[in-house]
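What follows is a set of notes on a single structure, which appears directly below.
Coordinate-derived values only; no laboratory data. The structure displayed is predicted, hence computed values, not measured ones.
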């Protein structure tokens, strides 16, 4: 996970030492840090804020609830600090590669014109690609049988060489070993965040399944934004975001205003009979209850949406 609020390169010079001190004591106190490292109270508070932004310690809710320490030993903390350093070192290369991809996409969108988004959504070839294929077909038909055989053998050798070296070349503008380290650091950061924020305990009902599904889709969104290789990656991300939006409506029972008397969303009541949840009060819908209608619609549309789009969520 790339934490936008924490900048590894501008951290306090005592950041690493304070992090080890906090993990060793399993307690956070600005006065204790100030006394231990002979620094001012305000600087100690800033270091604590950086530790919070780096997800080494938790938020401060009140004086009665001390901050949570997410790491229990120096070994795990060292791995966390190493991952932060790896991401900070390689993130500029990834940002540069993403900017290059965005520029190429803008150029393709301008060249293709109005049909760009339709072809992206349906994974159809662009006009330029169709022209290249047609030129290759015409050239191939004009060849003699011996030339065709030689061309096929040459292409076969090139493909064989590519298959042999596909896992050795650079990825996203960085060395393969750097890419593996970058992806591994991101995966560990994301896993830590999920383990912190997933609501363990409590009642396990259908809403818990939706919460896990939303976490998984959000993780896929981040993967596609960072590491997606398919041409229609941005379209796939938009469909994932739509699915998460539908899950949010379901989890909030169709009411996001927090006030059932004031419901700001427009809901079409003419087709409510199409959206039924038969195990929820026998699927009865009161047409005057817009909040409930919105919940039913989001619930039913979500599963149709997943049925139509989920198999396209691969890389």
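Taking every alpha-carbon pair under 8 Å whose residues sit at least 6 apart, the chain reaches a relative contact order of 14 percent.
What is the range 99-251's relative contact order, in percent, from Cα pairs under 8 angstrom and six or more apart in sequence?
Answer for the range 99-251 is 21 percent.
Highest mobility in the GNM of the chain, judged by mean-square fluctuation with C-alpha springs under 10 Å and restricted to 193, 220, 240, is found for 193.
Our helix-only sum for the chain, with -39,500 (n - 2.57) per DSSP H run of n ≥ 4 divided by its residues, gives a mean residue ellipticity at 222 nm of -21000 deg cm²/dmol. Our note on the geometry: Cα centres of the range 95-120 and the range 167-194, 25 Å apart. If you sort the three axes of the alpha carbon gyration tensor as a ≥ b ≥ c, you get a/c of 1.5 or more for the range 98-198 and a/b no higher than b/c, which makes it oblate. Label the range 6-162 by shape, choosing from rounded, prolate and oblate, from the square roots a ≥ b ≥ c of the eigenvalues of the Cα gyration tensor; if a/c is under 1.5 it is rounded, and otherwise prolate applies when a/b is larger than b/c, oblate when it is not. It comes out prolate by the Cα gyration axes.
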